[in-house]
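See structure below.
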There are 2 protein chains.
Amino acid sequence: MSDIEIAQANEQKEMQPITTIAAKVGLQEQDIERYGDYKAKIKLTAFENQPLPADHKLILVTSINPTPAGEGKSTVTIGLGDALNKLGAQTMIALREPSLGPVMGMKGGATGGGYAQVVPMEDINLHFTGDMHALTCANNTLAALIDNHIHQGNALNIDQRRISWKRTLDINDRALRHTVIGLGGPFQGIPREDGFNITVASELMAILCLATNIHDLKARIAKILIGYTYDRQPVTVGDLKVQGAIAMLLKDALKPNLVQTLEHTPTLIHGGPFANIAHGCNSILATTAALKLAKYTITECGFGADLGAEKFLDIKTPKLGKHPDAVVIVATVRALKYNGGVALADLKTENIAALEQGFANLKRHIENMQRYGLPVTVAINAFTADTPAEIQRLQALCAELGVQAVNTEVWEKGSEGGKALGEAVLASLTAPVDFKPLYEPETTLTEKIAIIAQQIYGAKDVVYETKAKKQLKTFATNGWDKMPVCMAKTQYSFSDDPKALGAPTGFTLHIREFTPDLGAGFIVALTGNVLTMPGLPKQPAALRMDIADDGTITGLF
Amino acid sequence: MSDIEIAQANEQKEMQPITTIAAKVGLQEQDIERYGDYKAKIKLTAFENQPLPADHKLILVTSINPTPAGEGKSTVTIGLGDALNKLGAQTMIALREPSLGPVMGMKGGATGGGYAQVVPMEDINLHFTGDMHALTCANNTLAALIDNHIHQGNALNIDQRRISWKRTLDINDRALRHTVIGLGGPFQGIPREDGFNITVASELMAILCLATNIHDLKARIAKILIGYTYDRQPVTVGDLKVQGAIAMLLKDALKPNLVQTLEHTPTLIHGGPFANIAHGCNSILATTAALKLAKYTITECGFGADLGAEKFLDIKTPKLGKHPDAVVIVATVRALKYNGGVALADLKTENIAALEQGFANLKRHIENMQRYGLPVTVAINAFTADTPAEIQRLQALCAELGVQAVNTEVWEKGSEGGKALGEAVLASLTAPVDFKPLYEPETTLTEKIAIIAQQIYGAKDVVYETKAKKQLKTFATNGWDKMPVCMAKTQYSFSDDPKALGAPTGFTLHIREFTPDLGAGFIVALTGNVLTMPGLPKQPAALRMDIADDGTITGLF
């Protein structure tokens, strides 16, 4: 059975009312806003004034660099949550929201797989509770207000050649990467170059995920840099005086969404910035809600640990006010062999030598997480072609780093297949944790980038291209040169070259340009050719999707 | 108190749970999908197989041409629904969904006013249940699939100079009217001219409002014309094979939304095409649901009766399979005096002569509705400056046409202020109705346009500009020349000149170009300079909007 068939079979037979799921973590009917029978938003008042108990634990799930062989991080995250509940540890899961762009493009749904899924999967993968659309709408309303301001007299003296605020769509649409707008004569606005990002790469998405309440949301929106005046002075949303209207458009999107796994584990799915071009973590509010409501919170971060986990630990953790108590790194025998040079078609053949070579990728991720002082467990996400010899060799390699690697069969068996992993993770939580941030907040932007590039990525040095160098001067002038950094880098490699698999060393990291996200509170550093608007593939997933007369959806997987 | 203050005071104290509202029309909990405590979607299964009782009545509310003086059609519609329920006639209201573009622009909220409002007004005016966003998303997913098809080899041989499918946003954004996309080199797609419409002007919105079930929705989407090949052959969504994916994105948007008035009248708000550039009526499914569930259904259509009512009677009625049993035309003394040449600043002064002159506008609308064989009642929406002499004169002028004109104070007094109107409408329903369509379906496109222009608008003749003439030839070649017509015309005048108030005659109607909406099943005829993407004014309503730390919204009115 495909993922959607398993999900649909379960949805029809076994989903529990969302009020029942809410009650499992002490939420009453008045604490939630129902969206149909199986989805709800949690009101901020339901948890915001509650203290965070000191003995509640946060477990971060991350992975090796993704490969076409598949890793299954969300599946393991969900299966681990189910397993912990099965083991009697009261657990919530906190995930990111899927973006429709990849759903319609290559990836299909993003709600786990097999018997480790969140449901209702069709709703979560499509419009869900409307958060993405509210963000798109707020983002583009701001864009329209900027162009209208210029058209109507430009009292703020905004230089239309230096507008940095882009429009967005939650769609993979390469044709919108570079556009010219405002054509058609004096009644159609001011012609200028523009472009669209995918919504999950937008600053508003980052802000939604970092805001702690409506007041903070509005304050962050007011700080957003939209461009510069003809005198090169920064112009913000606060100057336009529309932070109230934009925050208003996000009032419901700010509330965490509650759903359930196939095994009825309460799951929050809220906020979904991509980890290659944004900070890659679900919202602070959802993670906070989970931490307050459940003894154990399992959360994941995007792509490999070089991107998602680094940003979770360096950007999200300080704002959250709590570091993870343990880290799980997801790996597969297949993906490590791919990292070791095996072609996709040959991955089903046992190959210990390639596994050992590809292990270099996992090894660096393990060491990186240990550098933060965090206990690490490796989850080997099982595939049918894995051989006992491969699994044993992988476990032995991990053991050399003092790390337990646990074979995990949650795709096939649900919580039952994740019990061993759950026990290992619970055991890892007993050791005392001495969390060490990677860098101090007061270091400069370039120092921060150098530390990440050398210590996390394994780079020899960092080179700034001409545009980036010019921007660094502007940042110094405006006092932005000590802000946190959000790296935008290919997810496929530690380096900025997507083809450099394994654990490359001695390379140069190229910083092409920066995007100052003053509202989010960080500077995005764009390396290599990372795209902020994906394109669709030759055979988009949309082509296989359909809906029957009775509303049943097929092809969404 | 402002509209939003009245609404908020009521929402906090008195809104009934949406399950209670649903129960009033016989809907059980399993028939609806709740969106919070006060909004729900009605499942199609809750009413689709139910017969439409022959004695159930449909009342259409329309108005004179809108003026800056204000008419209050939605307010009267809502007040009339409340009044009928108060009079013991079981009534539902069926309205269109507000578009965020005008909400952020000039108009503000669109949920009635004073004590005749639908609530929760903030939710309805902002993202509501996500229908607009689902439409925007489906529309732009289709656009991305088209550009991707061309970029990936263009197997269908689509001529990128002749793509008619435009992108949309639910935003007033003049800078997106005319754009160039696909810039940046061979990896960013094919450069071409493009443009954005406002979502409510999109064909998908029209389709959503005309579809009778998922099967019909998908079949209509498959028929959408997206452009032409290099050999000038039409290309449809069916050729691209993505009707399933696009219909899937609209599966929830297709379900009617249930809310309540301040007096707890069950109200459906579903679908919202503009009446100047689209067909201007709420959805067939919502109107059908109301007709089946309640003895009386009050519905409105957009702008003046020349646009909204003409399209309701000529486009929607045949698909609905039921014509209205009575028509209410909303007028104000102020607006008629404005039509009679009085400046906005002087409207508070009694002026019988101007009223008599401006009455020409109302007179033509009355006669037009009578031409369809429908009983007409005029609702005089009261303003404080109206004098008894003005109201009496207006009533006398209407009486000369055999029409009762009833003073209505629903803004100030709710249902109490609409009782007299309600009684008059109920009385008008006792006369037998002999509904006469304006034109026969088998007449040609140009014959249909001539009939509408001469009989409804009062035009002398119709002139087709060069582009329109060429298109007529294409339509003849493709067999589209007997399709229904959807007129796109300024709402401010019977003519295509927004400044020609009153009841102009002897003018020429200019058809600039056509848009073949094959999925919706009509050809849009664009007259004069009507815009399919509005712009924001110098002081957008967004500037006055705000949200407090506790989530309270201000400035949305």
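The values are calculated or read from the model by the stated rules, or taken from the named source; none is laboratory data. Fair warning: this is a prediction, and the values are worked out from it, not measured in the lab. Neighbour counts run over all protein chains shown; Cβ positions are idealised from the backbone, glycine included. Heads up: the accessible areas ignore ligands, DNA and RNA and are worked out on the full protein's heavy atoms, side chains in. Shrake-Rupley method; radii C 1.70, N 1.55, O 1.52, S 1.80 Å.
With a ≥ b ≥ c taken as the square roots of the eigenvalues of the C-alpha gyration tensor of the range A:347-461, please select rounded if a/c is under 1.5 and otherwise prolate if a/b is larger than b/c or oblate if it is not? Because a/c hits 1.5 or more and a/b fails to exceed b/c, the range A:347-461 counts as oblate. So with the 1.4 Å probe, I'd like the accessible area per residue for the range B:445-527, rounded to whole Å². Accessible surface, normalised per residue, equals 40 Å². Placing pseudo-labels 7 Å out from each Cα toward the beta carbon at B:Leu401 and A:Glu193 gives an inter-label distance of 5.8 nm. In nanometres and ascending order, the distances from the B:Thr20 label point to those of the other copies are 2.8 (point 7 Å from Cα along Cα→Cβ).
Within the protein assembly as shown, the proportion of Cα pairs with more than 57 Å between them is 16 percent.
Among beta bridges from DSSP that stay inside the range B:131-246, the antiparallel ones total about 75%.
Considering only beta bridges that DSSP places wholly inside the range B:455-557, some 50 percent are antiparallel.
If you wrap the range B:1-145's Cα atoms in a convex hull and average its projection over all directions, what's the area in nm²?
Values: hull surface 47.5 nm².
Averaged projected area of the range B:1-145's Cα convex hull equals 11.9 nm².
If one computes the Cα centroid of the range B:485-550 and of the range B:230-293, what distance in Å separates the two points? Here the answer is 20 Å between Cα centres.
Round to the nearest 0.05 the FRET efficiency obtained for B:Gln30 and B:Gln392 when R0 = 56 Å and r is the Cβ-Cβ distance. Walk me through the intermediate numbers first.
Working: r = 53 Å, r/R0 = 0.95.
So, using R0 = 56 Å, E works out to roughly 0.60.
Counting only residues at least eight positions apart within a chain, or on another chain, the aspartates and glutamates with an alpha carbon under 17 Å from that of A:Lys337 are A:Glu71, A:Asp346, A:Glu350, A:Glu356, A:Asp386, A:Glu390.
Can you give me the % of accessible surface on chain A that is carbon or sulfur? Probe 1.4 Å, all protein chains present, nothing else counted.
Details: 9410 of 18400 Å².
Taking all protein chains in place, chain A shows 51 percent carbon and sulfur surface.
Given R0 = 22 Å, the distance between the Cβ atoms of B:Ala385 and B:Glu5 translates into a calculated FRET efficiency of 0.45.
So if each residue of separation counts as 0.36 nm, and I subtract the Cα-Cα distance between B:Lys348 and B:Glu440, what length gain in nm does that give?
Details: separation 92, 0.36 × 92 = 33.12 nm, distance 4.50 nm.
Extra length from B:Lys348 to B:Glu440 when fully extended: 28.6 nm.
Cα-Cα over 18 Å: which of B:Lys24/B:Lys295; A:Lys24/A:Lys295; A:Lys223/A:Lys436; B:Lys41/B:Lys292; A:Lys448/A:Lys489? Mind dumping the intermediate values first?
Values: B:Lys24/B:Lys295 12 Å; A:Lys24/A:Lys295 12 Å; A:Lys223/A:Lys436 30 Å; B:Lys41/B:Lys292 16 Å; A:Lys448/A:Lys489 15 Å.
Too far apart for the 18 Å limit: A:Lys223/A:Lys436.
A point 7 Å from Cα along Cα→Cβ stands in for A:Thr444, and the other copies hold the same point at 7.7 nm, listed in rising order. Leaving ligands and nucleic acids aside, the B/A contact buries around 6000 square angstrom of accessible area in total at a 1.4 Å probe radius. Sparse packing (at most 14 other Cβ atoms within 10 Å of the Cβ) combined with a DSSP loop state is found for the following GluC sites (Glu not before Pro) in the range B:399-481: B:Glu400, B:Glu442, B:Glu465.
Shielding by partners for B:536-543, please: the mean number of other protein chain Cβ atoms within 10 Å of each residue's Cβ.
Values: counts 9, 2, 5, 1, 8, 1, 13, 6.
That average works out to 6.
Near A:Asn407, the amide H atoms lying under 5 Å from its own belong to A:Ile380; only residues 5 or more places off or on other chains count, and H is placed 1.01 Å from N. Here the contact order of chain B, divided by its residue count and restricted to Cα pairs under 8 Å and six or more residues apart, works out to 21 percent.
Compute the convex hull volume of the Cα atoms of the range B:92-195, divide it by the residue count, and report the result per residue in Å³ as a whole number. Display every interim value, and only then the final one.
Numbers: hull volume 13.7 nm³, N = 104.
Cα-based convex hull of the range B:92-195, divided per residue, equals 131 Å³.
Considering only DSSP states other than H, G, I, E and B, which chymotrypsin sites (Phe, Trp or Tyr not before Pro) in the range B:252-336 qualify as loop sites with at most 10 other Cβ atoms within 10 Å? Of the chymotrypsin sites (Phe, Trp or Tyr not before Pro), not one in the loops of the range B:252-336 has a Cβ with at most 10 other Cβ atoms within 10 Å.
Using a 7 Å projection from Cα along Cα-to-Cβ, the label point at A:Asp461 is separated from the same position in the remaining copies by 8.0 nm, smallest value first. Cβ-Cβ distance of A:Gln16 and A:Thr552, R₀ of 25 Å, FRET efficiency by 1/(1 + (r/R0)^6): the value works out to about 0.70. Taking a cut-off of 19 Å between Cα atoms, list the lysines near A:Lys538, but don't count ones fewer than 8 places away on the same chain. The qualifying lysines are A:Lys107, B:Lys241.
Working out 0.36 nm times the residue gap between A:Val433 and A:Asn529, then minus their Cα-Cα distance, what length gain in nm do you get to one decimal? Display every interim value, and only then the final one.
Numbers: separation 96, 0.36 × 96 = 34.56 nm, distance 3.74 nm.
Full extension of this stretch gives 30.8 nm more.
With contacts taken as Cα pairs under 8 Å and at least 6 residues apart, the range A:445-527 reaches a relative contact order of 35 percent.
For the pair the range B:70-133 and the range A:424-462, the centres of their Cα atoms are 54 angstrom apart.
Probe radius 1.4 Å, ligands and nucleic acids left out: which of A:Ser164, B:Ser99 has the largest accessible area, and how do the rest follow? All intermediate terms of the calculation are to be shown ahead of the outcome.
Working: A:Ser164 55, B:Ser99 10 Å².
Putting A:Ser164, B:Ser99 in descending order of accessible area: A:Ser164, B:Ser99.
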